[in-house]
Structures are given as structure tokens and as C-alpha cells.
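*Asks:* Here it is, the structure in full.
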Amino acid sequence: MVSSQNESNLLSSEGDSQRTQYPYVTGTSVIGIKYKDGILMAADMGGSYGSTIRYKSVERLKQVGKHSLIGASGEISDFQEILRYLDELILHDNMWDDGNSLGPKEVHNYLTRVMYNRRNKFDPLWNSLVLGGVKNGQKYLGSVSMIGVHFEDDHVATGFGNHLARPILREEWREDLTFEEGVKLLEKCMRNLLYRDRSAVNKMQIAKITEEGLTISEPYSLKTFWNFAAFKNPTVGAEGSW
Amino acid sequence: MDHDATADVNAPHSMGTTIIGVTYNGGVILGADSRTSTGLYVANRASDKITQLTDNVYICRSGSAADSQIVSDYVRYFLHQHTIQLGQPATVKVAANLVRLLSYNNKNMLQTGIIVGGWDKYEGGKIYGVPLGGTIVEQPFAIGGSGSSYLYGFFDQAWKDGMTKDEAEQLVVKAVSLAIARDGASGGVVRTVTINSEGVTRNFYPGDQLPLWHDEVEAHNSLLDILNATNPEPMST
């Protein structure tokens, strides 16, 4: 009796697109919150290549049609492909020329279907997406993961943001945040990520979308704080410690 | 050599090569080393990794030699047809996106990182990086291949916007030479290709004419030349 064990399939033929791929150039967390006039979203501009911070000017927040904003973490090439799909979606929507336009809820649903169907084919788009927007006065904020898990909420985050930003948002988010308060809140989260996420980069953009329209800020950096007594003398009183 | 079947397949593969592309005020300069290795053996010590796609667009190839060659052959073919249909030279952006399409749509099978550089009348000199996975990134300068690991810090410090052609050429040659000094998978000669509105110029810097870095010593034909020098030095241990 011969039992042929298929030797570790880790290195099996890479022509086999039946198996899940792995990411190469990746973006880290995206954070999104609802505020008084619409949605605010933040993401840094890093494109990591394994542990190397290879690209430092990657725009991970993009406009979608008239009413929506998408932020992506994960494999950048897959995000670039998603942007092409969305471009085609919006184009066809415009071609109807019927005065109607796809809102954030519809775009979110479209993305969910795309991501979930790819997951079912074991060929995922390796991204976690945040989709936000305002249409007819209605604010909308949702997220989709690479396996098609999707939900909408008042504040969402991807990647490390789930662990570091959402607890802050749970405590400090309010329905009636002003633009200034929202920005400060996002910056508090982003600074935290900068301290604690190895793939974070100190160059970010914040995007705002309201009924009036969308703006994505120019890239900028946050100040960081290191001037603490406990940092200067961490081992005081504990000889041999580090 | 034992191959560990449980090796971390999620880490990006390091690629034997150093390739560079920089823009300057008027065009681009592409640079590369010339070593092609098969395991530890140097299969070709004078390869040409800077490949022509059209009159005005060239690419630097890294990673699998076979994969990068077949991608460049396909893109050259498509660009040729595109140029005929368009009636004028293809733009660097189109060339880069064709490379991206092939790299992205075959990402499970290909292992090649490519730097696309050229000059067109609309945008002037442009450099696009297309790393593993098929991301496309337009950059003022790009580095790739295993030797590039040693150049991130160097370029962070030495790169300046708006360099002249000669400054940019010297920067590229210095950088490839530094990478060769430390990366076992890079070596041989430094080749550069300069592309601007006037056309294309190829340059060749033989390995023995590159500057010497730390812990490297001058080359001689023989010990005997040293011993027979005007002031013969005693042999030291």
C-alpha cells in the first residue's frame, strides 16, 4: 500500500493561481470617522516592502465619483486595480446620464461583492478598505476586508488601527465633532500608530468629505514626543535593567 | 545546499542585481551592475541589464533573468504595435503601465522587479518603479535589486532635485559601485544609459576603474611589481 504524502505545498508550482498569494508592497492602517459635516479619513503615505520602508509617497486615500472616498491598506498593486474597477463603475454610472449617481453605500456594497467573490476563488485582493461619503445629507462610513467581512460604523480602522486607534475612538468619539476636533482626534490616533506600528511612516494625509465635496490634504508630518524623565533614565532604581 | 522547505515564503525574495534610475533636469539616467548569478556561480560577468523597449524608453531588469527578459520582449512587441497605431513615439507612462499589466496579472508566476525610464515630449524625463507584485510608482529616482538595500541611506542623503546630467551620472556610477562593494550578488562593470530629448547615450565603466571604498586596496599585476618598486618594502606579516 502506497500512501503518497504531497511534500509541503508551500513551495509548489507558483503557476497555481488556485492558492492564496502573498502581499509585496503594503500600506498600513487607515482610520475613518464620522463628524458633524461628513466623514474624515486619515492614512500615512508609506509603502512597505517586507520590513523595508520602500516608498514614502504613496497616496492611499482616493476620491470615488462625486460622493465617496476610499482608503486602502494592504497590497498596493491590488488597490491600484480596485481603483481601475471603481473608475469603470463610475464611468458606466455616468454613461446612464440619468441624473443619478452612485453613493457611498452603493460603492461599499460593490466593493464587498468584489472582495468576497475573489475570496471564494482563493485569489483575494489583499486589501482592507475604508469607504466613506455623504449623499443627500446622509453620512456613510464602512469597511471591507480581504475576505469580504464588511460593516458600517461611526468609526472604522484597518490593520493596526483596529488595535490602537479604535479604543481611543470608542472613548473620545462623539456624534457632533467639529472639523477641528475630528482632525485632532485622528491625529491623536495617527501619532499613537507612529509610535507603535513598525510600518508607520511620518508623512500622512487627512481627507474630508462633506455634501459640498471632497478635499485631500497636502502631505504633512506630526511632531513626536520623547522628552520624558522616564525615557531619559529608564533604568533608574533598577540596577542591571534596560 | 539544503533548501529549507519551511522557509518563510512571505518575505520578499532578494534579487541578485543593483539597478538604479534617476531623473535630472532634461532626462533620465539608468544604471546597473553586470553580474548574473546561478546560485553561487557567476554565469555572466558582463550582462547588460539595461534593455531597450523603444527609441526613447529603456528598462532596468532585476530578479529572475528569464522572467524579466520575457516581460521585456512582450512589452517591446506591444509598444511597437502601439507606436504604429499612434503614429508617434510611445510615452514612458504607457510603457511603464504595460510592464505593470504583465507583472500584476501574472504575479503568482513572475519574480521580477523592473525600473522603467525614458523621455517623451509630453512629460520629459520620467522614472517608474514596478516592483514585485505589479505596483506602479512614479518616482524622481528608483533603486532595485538585492544591492539596493545598501543604497537607501546613501540616496536619502545624496539625492538632490534638479541635478545636471554629469552630476546625475556620477551619482549613479558611485551608487552602483558602492552596492557592488557590499552585495555579493552584484558585480562586474557599471553600465549607464542616458536618455533625453537629444537621444540615447550608453556608457561603460569597467570594474577596475571604479573608485575604491573602505577596506579595498589598489590592484596590481603581481606582487613582484610591488617588491621591485623603487623603494622596495620589506614583506610584512
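Table: residues versus (1) open to solvent by 80 Å² or more (accessible area, probe 1.4 Å); (2) modelled with pLDDT of 90 or more; (3) of a type outside the set (Asp, Glu); (4) not in a strand (DSSP E or B).
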{"position": "B:Met1", "(1), (2), (3), (4)": "yes, no, yes, yes"}
{"position": "B:Val9", "(1), (2), (3), (4)": "no, no, yes, yes"}
{"position": "B:Ser14", "(1), (2), (3), (4)": "yes, no, yes, yes"}
{"position": "B:Ser37", "(1), (2), (3), (4)": "no, no, yes, no"}
{"position": "B:Thr54", "(1), (2), (3), (4)": "no, yes, yes, yes"}
{"position": "B:Tyr58", "(1), (2), (3), (4)": "no, yes, yes, no"}
{"position": "B:Val75", "(1), (2), (3), (4)": "no, yes, yes, yes"}
{"position": "B:Ile84", "(1), (2), (3), (4)": "yes, yes, yes, yes"}
{"position": "B:Gln88", "(1), (2), (3), (4)": "no, yes, yes, yes"}
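*Asks:* So, A:Gly132, is that one in a strand (DSSP E or B) and on the phi < 0 side of the Ramachandran plot or not?
*Replies:* Considered against the rule, which asks whether it is in a strand (DSSP E or B) and on the phi < 0 side of the Ramachandran plot, A:Gly132 comes out as yes.
*Asks:* So, in segment A:159-203, exactly how many residues are crowded, with 17+ Cβ neighbours inside 10 Å and outside any helix (DSSP H, G or I)?
*Replies:* Total satisfying the criteria: 8.
*Asks:* What pairs come out if I take residues in segment A:41-57 that are more than 12 Å from chain B (Cβ to nearest Cβ) and pair them with residues that are among the β-branched types (Val, Ile, Thr) and surrounded by 24 or more Cβ atoms within 10 Å (Cβ to Cβ) whose C-beta lies under 6 Å away, six or more apart or interchain?
*Replies:* Close Cβ pairs satisfying both conditions: A:Ala42/A:Ile31; A:Ala43/A:Val30.
*Asks:* Right, A:Phe225: hydrophobic (A, V, I, L, M, F, W, C), without any contact (Cβ under 8 Å) to a residue 24 or more places away in the chain and part of a loop (DSSP other than H, G, I, E, B) or not?
*Replies:* yes
Results for (1) aliphatic (A, V, I, L, M); (2) more than 22 Å from A:Arg60 (Cβ to Cβ), shown as yes or no for each residue.
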{"site": "A:Ile82", "(1), (2)": "yes, no"}
{"site": "A:Asp87", "(1), (2)": "no, no"}
{"site": "A:Ile90", "(1), (2)": "yes, no"}
{"site": "A:Asn94", "(1), (2)": "no, yes"}
{"site": "A:Ser101", "(1), (2)": "no, yes"}
{"site": "A:Met115", "(1), (2)": "yes, no"}
{"site": "A:Asn127", "(1), (2)": "no, no"}
{"site": "A:Val130", "(1), (2)": "yes, no"}
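*Asks:* When you scan segment A:216-226, do you find a residue that is over 21 Å from the mean Cα position of the chain (by Cα), β-branched (Val, Ile, Thr) and either over 14 Å from A:Ala43 (Cβ atoms) or buried (at least 21 other Cβ atoms within 10 Å of the Cβ) (or both), even just one?
*Replies:* yes
*Asks:* All but one of (1) within 24 Å of B:Ile70 (Cα to Cα); (2) within 14 Å of chain A (Cβ to nearest Cβ); (3) out of contact with any Cys (no Cβ under 8 Å at 6 or more places or on another chain); (4) modelled with pLDDT of 95 or more hold for B:Ser146; state the number of the condition that does not hold.
*Replies:* (4)
*Asks:* Condition first: of a type in the set (Lys, Arg), away from chain B (no Cβ under 12 Å) and assigned to a helix (DSSP H, G or I). Now tell me which residues in segment A:58-100 satisfy that.
*Replies:* Answer for segment A:58-100, where residues must be of a type in the set (Lys, Arg), away from chain B (no Cβ under 12 Å) and assigned to a helix (DSSP H, G or I): there is none.
*Asks:* Can you tell me how many residues in segment B:128-143 are over 23 Å from B:Ser177 (Cβ atoms) and more than 8 Å from chain A (Cβ to nearest Cβ)?
*Replies:* 3
*Asks:* Are any residues in segment B:134-172 open to solvent by 30 Å² or more (accessible area, probe 1.4 Å), in contact with a helix residue (DSSP H, G or I) (Cβ under 8 Å, 6 or more places away or on another chain) and of a type in the set (Ser, Thr, Tyr), and if so, which ones?
*Replies:* Within segment B:134-172, B:Tyr150 is the sole residue that qualifies.
Residue-wise test of (1) surrounded by 23 or more Cβ atoms within 10 Å (Cβ to Cβ); (2) within 18 Å of A:Ser128 (Cα to Cα).
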| position | (1), (2) |
| --- | --- |
| A:Tyr24 | yes, yes |
| A:Ser29 | yes, yes |
| A:Lys36 | no, no |
| A:Met41 | yes, yes |
| A:Tyr49 | no, yes |
| A:Ser57 | no, no |
| A:Lys62 | no, yes |
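*Asks:* Just give me the residues in segment B:48-68 being over 19 Å from B:Gly31 (Cβ atoms) and without any contact (Cβ under 8 Å) to a residue 60 or more places away in the chain, in sequence order.
*Replies:* B:Ser64, B:Ala66, B:Asp67
*Asks:* Looking at B:Ala181, is it farther than 30 Å from B:Lys121 by Cα and either among the β-branched types (Val, Ile, Thr) or in contact with a helix residue (DSSP H, G or I) (Cβ under 9 Å, 6 or more places away or on another chain) (or both)?
*Replies:* yes
*Asks:* Of all residues in segment A:43-57 being assigned to a strand (DSSP E or B) and over 8 Å from the mean Cα position of the chain (by Cα), which is nearest to A:Leu186 (Cα to Cα)?
*Replies:* Going through the qualifying residues, I end up with A:Asp44.
The values are calculated or read from the model by the stated rules, or taken from the named source; none is laboratory data. Note that this is a predicted model, so its numbers are computed, not measured. So basically every Cβ, Gly included, is an ideal-geometry build from the backbone, and we count neighbours across all protein chains shown. The protein model used for the area step is the full one, side chains on, heavy atoms only, and it has no ligands, DNA or RNA in it. Shrake-Rupley method; radii C 1.70, N 1.55, O 1.52, S 1.80 Å.
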